[in-house]
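Down below is the structure, laid out as structure tokens.
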Amino acid sequence: MLLKFSAFLLGAILLFFLSVMAFIHFAPQFGAKPSGEHLEKIAQSPNYDSKQFINLIETKMDNSLSNMWGMIKEYASAKNTAPSATIETQFGKENKSTSDTTVRVTWFGHSAILLEIGGKRIFLDPMLGPAASPVPFFAKRFKNKPAFDLKKLGELDAVIFSHDHYDHLDYPTIKAIQDQVGHFYTPLGLGAHLQAWGVPKNKITELDWWQSAQLDNLTFVATPARHFSGRGTGDTNKTLWASWVIQGPENNIYFSGDSGYGPHFKEIGEKYGPFDFAMMECGQYNERWKAIHMMPEQTIQASLDLGGKAVMPIHWGAFTLAPHEWHEPAERVLKAAQDAGVNLITPRIGDSFTLGETLPQTTWWQEVQ
């Protein structure tokens, strides 16, 4: 009897393992690894070491058993990592149109931002799906009311991605909007995912750090970040991650993507700053992985390094991806900004505002239970 039970248990474990591997291999949301021309271009990058992309400075993650166990205990004891109440958003309100000389910003939560600049509509990291994971029941989006309607998004001149993690590059979103997008701009290798999802090759431009592309009167520059990439098994750091400089006729904009703190912020500021507006990662952090995600106080220091005249914290307010309280990033970055004299912009989700006018400086999260 014991022998039969052991054989059954072993068979069940093997079947589960094979099912998971088959799901990862065949499910489209995992994307595709770079191959062919993608790999040829990647091999020429000074940021690629023949096996994977590397950061400008040493960036190691502690994957020891003791650290993993400590992380599990942190998550198990974490409290208030998601709001129990629905977040009241500004979606659905009538927004005035922008001119070629104005910049209008709409925050969709987390790092998803619609930027209207130079007469163009640019969407940064349009993760608009229900969950920041390959399965719908994990890392679900906080409840929003009203929620955004993808059908009302309209035509987009460009989409820019910072890297291929699920909370930034979302398969359902790409399938829904790809026909509305004029062109996609990505770090090296990420275009392989887009092509696997049906985006034509001629609609994708991949850039290495410090390379730039032109879209009429706009210039996009892929700049360094301190992070990593990967969506499945065996693809860690096979595609590049980046921050972005967006230069318009009248304004200079910075988008951090995901990044740990490092000297690259000062270098970017010296080459391309100061910036009229900087969207800076602030959230989903932890001391255990601060090499790849800034703490809120580092967000403000990075903003100073860049020369950001107005700074908006992003990468928070939509998903639980770390064991801190969901509103903690906003509270900490607000205090750090006040201490440093940084002009912090804190819109409600779905709010649209125009640079040069009165900018939103709310504490809306304090109203949410």
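Just how large is the dipole of the range 109-257 about the Cα centre, in debye to the nearest 20, putting +1 at every Lys and Arg Cβ and -1 at every Asp and Glu Cβ?
The dipole magnitude comes to about 520 debye.
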Taking H placed 1.01 Å from N in the peptide plane, check which residues at least 5 places from His165 or on another chain put their amide H under 5 Å from its amide H.
Gly230
Rounding to the nearest 20 debye, state how big the charge dipole of the chain is about its Cα centre with +1 on each Lys and Arg Cβ and -1 on each Asp and Glu Cβ.
1020 debye
Among the aspartates and glutamates, select those whose C-alpha is under 13 Å from the C-alpha of Lys203, and discard any that sit fewer than 8 residues away in the same chain.
Asp157, Asp179
Give me the distance between the Cα centres of the range 267-291 and the range 298-363, rounded to whole Å.
11 Å
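Using Cα pairs closer than 8 Å and at least 6 residues apart in sequence, work out the relative contact order for the range 134-226, in percent.
Working: 98 pairs, mean separation 19.0, N = 93.
The normalised contact order for the range 134-226 reaches 20 percent.
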In degrees rounded to 10, the 0-90 angle between helix 65-77 Cα long axis and the longest Cα principal axis of the chain is 70 degrees
Rg and Dmax in Å for the chain, alpha carbons only: what are they?
20.7, 78
Set of aspartates and glutamates near Lys271 by C-alpha distance (under 15 Å), chain-local residues within fewer than 8 positions excluded
Asp305
Could you give the length gained on full extension between Leu65 and Glu155, defined as 0.36 nm per residue of separation minus the Cα-Cα distance, in nm?
27.6 nm
Descending accessible area (1.4 Å probe), largest on the left, turns Lys79, Lys238, Lys143 into Lys79, Lys143, Lys238
At q = 0.13, 0.22, 0.26 Å⁻¹, what base-10 log of I(q)/I(0) does the Debye formula yield for the range 316-369 when every alpha carbon is treated as an equal point scatterer in vacuo?
-0.37, -0.97, -1.18
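Report, in deg cm²/dmol and to the nearest 500, the calculated mean residue ellipticity at 222 nm for the chain, where each DSSP H run with n ≥ 4 adds -39500 (n - 2.57) and the sum is divided by the residue count. Before the final figure, lay out each step's value.
Details: 8 runs with 91 residues, N = 369.
After summing the helix terms and dividing by the residues of the chain, the value is -7500 deg cm²/dmol.
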Dipole of the range 162-282 [Lys/Arg +1, Asp/Glu -1 at C-beta], most positive-end residue of Ser229, Leu218, Gly182:
Ser229
Return the distance in nm (one decimal) between the two label points of a simple spin-label model at Lys79 and Asn202, each offset 7 Å from Cα along Cα→Cβ.
6.0 nm
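What order do Glu206, Glu328, Glu40 take when sorted by accessible area (1.4 Å probe), most exposed first?
Largest accessible area first, the list is Glu40, Glu328, Glu206.
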Estimated vicinal HN-Hα couplings, Hz - the range 42-55 in sequence order (Karplus 6.51, -1.76, 1.60; Gly, Pro = x):
4, 4, 8, 6, x, 9, 10, 9, 5, 10, 7, 6, 10, 7
Measure nothing fancy, just the Cα-based angle from helix 296-306's long axis to the longest principal axis of the chain, in degrees from 0 to 90, nearest 10.
50 degrees
Filter the cross-link list Lys152/Lys175; Lys93/Lys151; Lys145/Lys175 down to pairs whose alpha-carbon distance in this structure exceeds 19 Å.
Lys145/Lys175
Kirkwood Rh in Å, taken over the range 247-326 so that all alpha-carbon pairs contribute:
12.8 Å
Placing +1 on the Cβ of each Lys and Arg and -1 on the Cβ of each Asp and Glu in the chain, which of Ser352, Tyr254, Ile292 has its Cα farthest towards the positive end of the resulting dipole?
Ile292
May I ask for the angle, rounded to the nearest 10°, between helix 328-340 and the longest principal axis of the chain, with both axes built from Cα atoms and the value confined to 0 to 90°?
40 degrees
per DSSP, antiparallel bridges as share of beta bridges in the chain, % nearest 5, sits at 55 percent
Given Cβ charges of +1 for Lys and Arg and -1 for Asp and Glu, the option among Leu153, Leu169, Gly119 whose Cα lies farthest towards the positive end of the dipole of the range 89-180 is Leu153
Note to self: C-alpha centroids of the range 155-190 and the range 30-93 sit apart, in Å, by 17 Å
For the chain, with every protein chain kept in place, what is the accessible area per residue (1.4 Å probe, Å²)?
46 Å²
Going through Lys143/Lys238; Lys120/Lys335; Lys79/Lys290; Lys33/Lys79; Lys143/Lys335; Lys33/Lys140 one by one, the pairs whose alpha carbons sit over 31 Å apart turn out to be Lys143/Lys238; Lys120/Lys335; Lys33/Lys79
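The values are calculated or read from the model by the stated rules, or taken from the named source; none is laboratory data. Bear in mind that the values here come from a model prediction, so they are computed numbers and not experimental data. Because the Cβ atoms are built from the backbone with ideal geometry, glycine has one as well, and the counts that use them run over all protein chains shown. Calculation scope for accessible area: heavy atoms of the full protein, side chains included, ligands and nucleic acids excluded. Shrake-Rupley method; radii C 1.70, N 1.55, O 1.52, S 1.80 Å.
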